[in-house]
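Structure record follows, encoded as structure tokens.
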Amino acid sequence: MNNEQKPVILVTGADLAQQALDLLQDFNVVYAGKQPSETQVIALATEHNPVAIIARYGKITAAMMDAAPGLKIISRHGSGVDVVDRDAAAARGIEVRAAVGANAAAVAEHAWALILGCAKSVVHLNARMRAGHWDKATHKTIELSGRTLGIVGLGEIGRRTAVIGLAMGMNVLAYDPSGKAAIEGVKLVSLDKLYEESDVVSLHCPLTDGNRRMINRETLSRFKDGAIFVNTARGGLVDEGALVDALNSGKLYAAGLDSFEVEPFVANHPFCEVPNLILSPHVGGVSDAAYVNLGLAAARNVLSVVPAPSAIA
């Protein structure tokens, strides 16, 4: 079967791991390119009528779905599905699935990179050293052992982040609205109690209509003075203006962010003027191993809905 005869899978990105392509060898995989626009995706969907979309970058809209009447599944190359118009997909009978847990290790490690970067002033001290300063006599970092880590969301990423906290000698609190059982050594508490008692608060929950901007002026006022805040989940969970004020006022010691309300991040954003804020471009789930794991999970999700032609034959 040549490529023109194979059913099409449209990837809203420029590549997939070879291991994923091996699973999808009975399909014609078409790439939309790096960070494609809605117009570009619609044009490709109209041209190829894909049976599946593997969503890597950007949002998947109703217009994209309508451009592909043969579409059966939208498979996320990621752990969340908030970039997909799920109501539109449901109305059209299109499955929406995520690569749950495939990049959990990478995101948990990145959360800890941000936590440690904040607590140990890594970025600040690096800049000071390069400017010719030697702050040994004047600078003190924060020791995390014995302090309290608050985890919001006990999915696979949150659980991994909690385990690392325990290994660091921290007291670990967690809040999860689904009522998942905590792991040994982790205490389940209310969200208010977590905010009030944690020295470090790390978000690991999906973005929903109910928790949008859950970190806002009112909730930040309940944080401990001098706390560290980290978000490797979704930018929409945070009122960015309120966070800037909390950092500038000294209410928070520092913060680390890997996701933002509007992405890509713009250079003139107010965050750029906040010295006690570490920023990264939503790369927490991007690692050598996660790239393979996400691709494989996305491919398997496609095959669970659209079997390979050879399997049918």
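The values are calculated or read from the model by the stated rules, or taken from the named source; none is laboratory data. If you're wondering where the values come from, they're calculated on a predicted model, not measured in any experiment. Note that we place each Cβ from the backbone using ideal geometry, even for glycine, and neighbour counts take in every protein chain shown.
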Which of (1) among the small types (Gly, Ala, Ser); (2) surrounded by fewer than 20 Cβ atoms within 10 Å (Cβ to Cβ); (3) over 22 Å from ALA254 (Cβ atoms) does SER145 not meet, given it meets every other one?
(3)
Kindly indicate which of ASP66, ASP82 is over 17 Å from the mean Cα position of the chain (by Cα) and not assigned by TED's automatic domain parsing to the domain that holds CYS205.
ASP66
Tell me, please, whether a residue that is farther than 17 Å from ALA255 by Cα, more than 23 Å from the chain's Cα centre (by Cα) and without any contact (Cβ under 8 Å) to a residue 60 or more places away in the chain can be found in segment 149-164.
no
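Please work out if SER310 is in contact (Cβ under 8 Å) with a residue 12 or more places away in the chain, of a type in the set (S, T, N, Q), surrounded by fewer than 15 Cβ atoms within 10 Å (Cβ to Cβ) and more than 20 Å from GLY58 (Cβ to Cβ). It would help to see each step written out before you state the result.
Working: in contact (Cβ under 8 Å) with a residue 12 or more places away in the chain: yes; of a type in the set (S, T, N, Q): yes; surrounded by fewer than 15 Cβ atoms within 10 Å (Cβ to Cβ): yes; more than 20 Å from GLY58 (Cβ to Cβ): yes.
Yes.
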In segment 273-285, the residues that are buried (at least 17 other Cβ atoms within 10 Å of the Cβ) and β-branched (Val, Ile, Thr):
VAL274, ILE278
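Here is a yes/no grid of residues against (1) farther than 21 Å from ILE115 by Cβ; (2) surrounded by 23 or more Cβ atoms within 10 Å (Cβ to Cβ); (3) among the hydrophobic types (A, V, I, L, M, F, W, C); (4) at pLDDT below 95:
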residue	(1), (2), (3), (4)
THR232	no, yes, no, no
VAL238	no, yes, yes, no
GLY241	yes, no, no, no
VAL244	no, no, yes, no
GLY250	no, no, no, no
ALA255	no, yes, yes, no
VAL262	yes, no, yes, yes
ASN268	yes, no, no, yes
PHE271	no, no, yes, no
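Which ranges mark the strands (runs of 3 or more DSSP E) fully within segment 76-180 that have 2 or more residues being of a type in the set (Val, Ile, Thr)?
On the way: elements: 95-97, 148-152, 171-175.
Correct list: 148-152.
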Counted residues, segment 208-240 - those being assigned to a helix (DSSP H, G or I) and of a type in the set (S, T, N, Q)
1
Report yes if SER198 is polar (S, T, N, Q), under 30 Å from CYS272 (Cα atoms) and assigned by TED's automatic domain parsing to the domain that holds VAL230, otherwise no.
yes
So ALA45, is it under 19 Å from ALA298 (Cβ atoms), assigned by TED's automatic domain parsing to the domain that holds ALA20, touching a residue at least 40 places away in the same chain (Cβ under 8 Å) and touching a strand residue (DSSP E or B) at 6+ places or on another chain (Cβ under 8 Å)
no
Name the pairs: first residue in segment 241-254 and among the basic types (Lys, Arg) and assigned to a helix (DSSP H, G or I), second residue modelled with pLDDT of 95 or more and surrounded by fewer than 18 Cβ atoms within 10 Å (Cβ to Cβ), Cβ to Cβ under 9 Å, at least 6 apart or on different chains?
none
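Check GLY158, GLY150, GLY179, GLY165 and return the single one that is of a type in the set (Gly, Ala, Ser) and surrounded by fewer than 15 Cβ atoms within 10 Å (Cβ to Cβ). If you could, list the steps in order and put the result at the bottom.
Details: GLY158 fails: surrounded by fewer than 15 Cβ atoms within 10 Å (Cβ to Cβ); GLY150 fails: surrounded by fewer than 15 Cβ atoms within 10 Å (Cβ to Cβ); GLY165 fails: surrounded by fewer than 15 Cβ atoms within 10 Å (Cβ to Cβ).
None of the others qualify; the one that does is GLY179.
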Single match in GLN35, GLN19, GLN40 (criterion: free of Cβ contacts under 8 Å to residues at least 24 places away in the same chain and of a type outside the set (A, V, I, L, M, F, W, C)):
GLN40
Report whether or not ALA108 is assigned by TED's automatic domain parsing to the domain that holds GLY236, farther than 12 Å from LEU294 by Cβ and crowded, with 19+ Cβ neighbours inside 10 Å.
yes
Of the residues that make up segment 49-62, is at least one small (Gly, Ala, Ser), closer than 20 Å to THR232 by Cβ, outside the structural domain of GLY13 (by TED's automatic domain parsing) and crowded, with 22+ Cβ neighbours inside 10 Å?
no
